[in-house]
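The structure under discussion appears below in the form of structure tokens.
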Amino acid sequence: VKILLFGGFLGSGKTTIILQIAKQITEVRAETVVIIENEIGETGVDDQLLRGSGLQVRPLFGGCVCCQITGDLILSIQEISEALNPEWLIVEMTGLAIPGKTAELIAEYVVDRSLMKTMTIVDGGRWPELKCIVEPLIVGQIEKSDLVIVNKADIAGSDQDETIADIQQQAGSIPLLVVAAIHELPPAVFEEVFRFG
Ligand SMILES: Nc1nc2c(ncn2[C@@H]2O[C@H](COP(=O)(O)OP(=O)(O)OP(=O)(O)O)[C@@H](O)[C@H]2O)c(=O)[nH]1
Ligand SMILES: [Mg+2]
């Protein structure tokens with residue numbers, strides 16, 4: 001099993017992107033996928049949205065973004081890989097999780113880090129505002145990930161170049177893609193997401 005971990009602040013577009021990635025896996029690559037939804041709240045909205053598309057989805061509820069949730073996640077990954085053994089496992093993390101840290105924890109217990117890829121989704125339009133309010137979180141989400149996807153390019157304002165330059169600076173050598181996930185993602189995005197090693 002190869003694991004794709006999607007993180008990024010609340011509302012950045014994780015579910016929208018995951019839907020396209022999962023469809024690419026099942027319809028284009030003809031491979032199997034299970035999605036784990038790591039939700040904070042009690043109603044699984046994303047869960048229903050994803051399930052409506054005919055995909056296999058496991059909800060994973062938890063209280064907050066701590067080790068407890070990662071413990072549940074690790075158990076779910078173990079259970080799913082043993083019972084279903086899909087080719088791909090997609091995890092939508094809560095908007096408050098740090099993808100790279102979660103990957104390190106999973107790597108300690110279940111799956112080799114080389115079989116995991118962490119994607120951090122950034123809402124380009126909200127970056128300046130969120131940087132003022134929750135800088136350590138959104139910067140941490142970027143710093144520890146394998147790929148940064150800046151989303152909502154379709155509604156970007158005149159400060160977009162500045163924003164992307166700032167995000168790129170935080171990302172350092174981590175690859176960065178700019179997308180509008182509300183439209184069909186270009187092939188280059190899928191290539192990058194599915195590229196391992
Ligand atoms: N304009 C625009 N809106 C987008 C884009 N991608 C997602 N959205 C919208 O942004 C909102 C949040 O998208 P989601 O995919 O649910 O984001 P999320 O990160 O899964 O959200 P949570 O799971 O609640 O943290 C939805 O209303 C989407 O339709 C985009 O590229 N452009
Ligand atoms: Mg979501």
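The values are calculated or read from the model by the stated rules, or taken from the named source; none is laboratory data. None of the values given here were measured: they were computed from a predicted structure. Positions of Cβ are generated from backbone atoms using ideal geometry, with glycine treated the same way; all protein chains shown enter the neighbour counts.
Restricting attention to the range 96-133, which residues are under 13 Å from the mean Cα position of the chain (by Cα) and aliphatic (A, V, I, L, M)?
Residues satisfying the conditions are L96, A97, I98, A103, M116, M119, I121, V122.
Working only within the range 80-107, note down all residues that are over 16 Å from I35 (Cβ atoms), within 16 Å of ligand 1 (Cβ to nearest atom) and in a helix (DSSP H, G or I).
First, the residues of the range 80-107 that are over 16 Å from I35 (Cβ atoms): 82, 95-96, 98, 100-101, 103-105, 107.
Then keep just the ones that are within 16 Å of ligand 1 (Cβ to nearest atom); that gives 95-96, 98.
Of everything in the range 80-107, nothing turns out to be over 16 Å from I35 (Cβ atoms), within 16 Å of ligand 1 (Cβ to nearest atom) and in a helix (DSSP H, G or I).
Residues of the range 148-193 being touching a residue at least 40 places away in the same chain (Cβ under 8 Å) and either in contact with a Phe, Trp or Tyr (Cβ under 8 Å, 6 or more places away or on another chain) or over 13 Å from V122 (Cα atoms) (or both), which ones?
I167, I182, E184, L185, V189, F190, E192, V193
Restricting attention to the range 169-185, and to residues there that are surrounded by fewer than 17 Cβ atoms within 10 Å (Cβ to Cβ) and either within 16 Å of S145 (Cα to Cα) or of a type in the set (S, T, N, Q) (or both), which single residue is nearest to ligand 2 (Cβ to nearest atom)?
Top of the filtered list is P175.
Looking at (1) surrounded by fewer than 16 Cβ atoms within 10 Å (Cβ to Cβ); (2) in contact (Cβ under 8 Å) with a residue 24 or more places away in the chain, which one does E108 not meet, given that it meets all the others?
(2)
How about the range 108-132: which of its residues are assigned to a helix (DSSP H, G or I) and touching a strand residue (DSSP E or B) at 6+ places or on another chain (Cβ under 7 Å)?
If the condition is that a residue be assigned to a helix (DSSP H, G or I) and touching a strand residue (DSSP E or B) at 6+ places or on another chain (Cβ under 7 Å), then L115, G124 are the ones that fit.
Have a look at V110, V122 and point out the one that is modelled with pLDDT of 90 or more and within 23 Å of F9 (Cβ to Cβ).
V122
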